[in-house]
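Colleague: Quick one: the structure is below, and I'll ask about it shortly.
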Amino acid sequence: MTQTLSTRRYDLDWLRVILFGVLVPYHALIGFVSYGHNVYGYRNQDVGGDLAEFTIFAFHAWRLPALFLISGVGTYFLMRNKGVAAFIQNRTLRLIIPLIIGAIFWNAITSYYQVTAQGEDWAFPAYFWHRLQNLTLRSQGHLWFLVNLFLYSIVSIPIMLWLLRGGRTACVAIPLLALAAILISVLLIKPFDATLYRLRWTALVYWAYYIIGFWIMTLPPVVWNRLARMKWISLIAAIATLSLLGLILGNLSAHTDRMNTIINGGWVQKYWPFQSFATAGYSLLYALNTAFWCTTIFAFGYVLLNRNSPILSHLNRAVYPFYIFHFPVLMIGLFYLRGLSWPWQIEFAFLTIGTFIGTGLLVWVCDFFPFMRPLVGLSLRKPK
C-alpha cells in the first residue's frame, strides 16, 4: 500500500461510520442487562445474563477511545484546511448549536420516557415546559460526547499547530504526552474519581486518544504499512488481555461492590489503599487492552476498508445526526418493548433494527429542510 496525506483515506471514513453504528447495538444491549435500569431508568423485564454483561464490558473498553481517536483524525483535516479562527467557528457552529438543540428538544423525549417509567404522570407538553425551566448540565444526556469533543478541540489547538508545523520533536513528544495523560488518569486520578467527579479519570484518556488520532495523520505511509503488518499480533494481544480481564472479573463476581469499584474507580473514598497490586494491575491491563483493540481496528481497517463506495459519502455525512437521534429513538423502543414476554434476544433484535430504521428516517426527513440541517449536525451541502 502506498498512501500520501493528500490521498483520500476511505478506510477512515468507513471506520467513522462503523464506530458510530456500533453505538446502536451497544446502547440497545444495555437495556437487557441487570444494571440497565441504573443507566437508563428502566430496562427490559428479561435480561441476557453474564454473556450480555461481559459483551458490554468488552465493547466499552475501546468504543469511546476509538470514537475520540477517529474524531482526532477528522480534526486533522479541518485544522489543515482552515486557519485557527475558522476552525473555532466551525467547531462552535457544528458542535454547540446541535448540542443546545438536542439538550432542549431531543433529550426531552428521552427524559419524558424515563420519568414515565418511574411512575410520574405527565402530559408531554407540561413536562417539556417543566424541564425547560430546570435545565442543568445533566440535560446534555448522551450528547456529553459533543461537549468533550468541543473542549478537546479548543484546548488542543496549540498542540495541533505544533504538529502541523512538522518536526521530529513534536512527532516523538506527542505520543509520550498522550501516554503520560493515560497513566496519570488510571494511576493518579482514578483512585479519587468520586472526589474529582468534574474531571473523571476517563476524560484525560479520551483526550489522549483524540490527540493520538490527530498525530497518526501526520505520520508517513510507511508507519501505516508497519501497523498493517502488526494487525494479527495486535488482535491476539487484544484477545489475550481481554481474557485476563475476564478472569479477574470472574474471580470478583461474588463481590459485586468490590468489582464495580475496581472498574469505575473512587476506591480511596472507601478507605482502600491509594494503589495496590489489584487496582493498579487491573487499571494498567485495561489500558493495554484498550490500546490493543484500537490498534487492531485501525490496522484491519487500513487493510480491508480503503475503498470507495457510492453510499459512503452519504453515510459519512449522516453519522453526526444519526448519533444525535439514535438515543431518543432507542429509548422509546425500549420503553414499549420492556413489558412484552418475547425472548429477550428477539426484543433486542427488534430494538436494534427499529432504532436503525427510525433514526435513518429522522435524518432523511431533516435533510429535506435546509434550515434543519445545521440544527441536527447535517452539513448544508449534499454529496454529489
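Colleague: Computed from the coordinates I sent, Cα Rg over 2.2 N^0.38 Å equals one of (1) 1.22; (2) 1.01; (3) 2.04. Tell me the label.
Modeller: Read-out taken from this structure: (2).
Colleague: Taking a ≥ b ≥ c as the square roots of the Cα gyration tensor eigenvalues, with a/c under 1.5 meaning rounded and otherwise prolate when a/b beats b/c, else oblate, which class fits segment 298-384?
Modeller: Judged from the Cα gyration tensor, segment 298-384 comes out oblate (a/c at least 1.5, b/c at or above a/b).
Colleague: What does the convex hull of the Cα atoms of segment 191-300 come to per residue, in Å³, rounded to a whole number?
Modeller: 105 Å³
Colleague: First select every other residue whose beta carbon is under 15 angstrom from the beta carbon of residue 152; then total the charges, Lys and Arg +1, Asp and Glu -1.
Modeller: +3
Colleague: Given a Förster radius of 25 Å and the C-beta distance between residue 229 and residue 161 as r, what FRET efficiency does 1/(1 + (r/R0)^6) yield to the nearest 0.05?
Modeller: Result of the calculation: an efficiency of 0.20.
Colleague: Then there's this: Just report the Cα centroid separation between segment 251-282 and segment 305-384, whole Å.
Modeller: 37 Å
Colleague: Fewest to most neighbouring Cβ within 10 Å: what's the order for 320, 271?
Modeller: Fewest to most other Cβ atoms nearby, the residues stand as 271, 320.
Colleague: Mind checking which of 339, 301, 266 has the largest fluctuation in a GNM of the chain, springs on alpha carbons under 10 Å?
Modeller: Comparing 339, 301, 266 in the GNM, the peak value goes to 339.
Colleague: Please report, ordered by residue number, every helix of the chain (full DSSP H runs) that is 18 Å or longer along its axis going by C-alpha atoms and whose mean Kyte-Doolittle hydropathy reaches -0.5.
Modeller: 63-81, 168-184, 201-216, 231-252, 277-304, 312-337, 344-367
Colleague: From the square roots a ≥ b ≥ c of the eigenvalues of the alpha-carbon gyration tensor of segment 103-208, which class results: rounded (a/c under 1.5), prolate (a/b over b/c), or oblate?
Modeller: prolate
Colleague: From the square roots a ≥ b ≥ c of the eigenvalues of the alpha-carbon gyration tensor of segment 227-267, which class results: rounded (a/c under 1.5), prolate (a/b over b/c), or oblate?
Modeller: Since a/c reaches 1.5 but b/c is at least a/b, the shape of segment 227-267 is classed as oblate.
Colleague: Return the aspartates and glutamates within reach of residue 231: Cα separation strictly under 18 angstrom, same-chain partners fewer than 8 residues apart disregarded; answer none if there are no such residues.
Modeller: Of all the aspartates and glutamates, those that pass the test against residue 231 - Cα under 18 Å, at least 8 places apart if same chain - are 11.
Colleague: Let me spell out the model: positive unit charges on the Cβ of Lys and Arg, negative unit charges on the Cβ of Asp and Glu, origin at the Cα centre of segment 94-191. What dipole size does that give, in debye rounded to 20?
Modeller: That gives a dipole near 480 debye.
Colleague: Another question, then. Could you check the simple spin-label distance between residue 104 and residue 336, using points 7 Å along Cα→Cβ, in nm with one decimal?
Modeller: Those two pseudo-labels are separated by 2.8 nm.
Colleague: Among 58-65, 214-221, 122-129, what's the highest-first ranking by average C-beta atoms within 10 angstrom per residue?
Modeller: 58-65, 214-221, 122-129
Colleague: Explain nothing, just the number: dipole magnitude of the chain about its Cα centre with +1 on each Lys and Arg Cβ and -1 on each Asp and Glu Cβ, in debye rounded to the nearest 20.
Modeller: That gives a dipole near 1500 debye.
Colleague: Hey, rough spin-label estimate for residue 8 and residue 368, points 7 angstrom out along Cα→Cβ, what's it come to in nanometres?
Modeller: 2.9 nm
Colleague: Just name one of 155, 291, 324: the one whose Cα is farthest towards the positive end of the charge dipole of the chain (beta-carbon charges, Lys/Arg +1, Asp/Glu -1).
Modeller: Result: 155, furthest along the dipole toward the positive end.
The numbers here are math on the coordinates, done by the rules we state, and not lab data. Worth saying up front: this structure is predicted, and the values here are computed from it rather than measured. Counting neighbours? That spans all protein chains shown, and the Cβs are built from the backbone with ideal geometry, glycine included.
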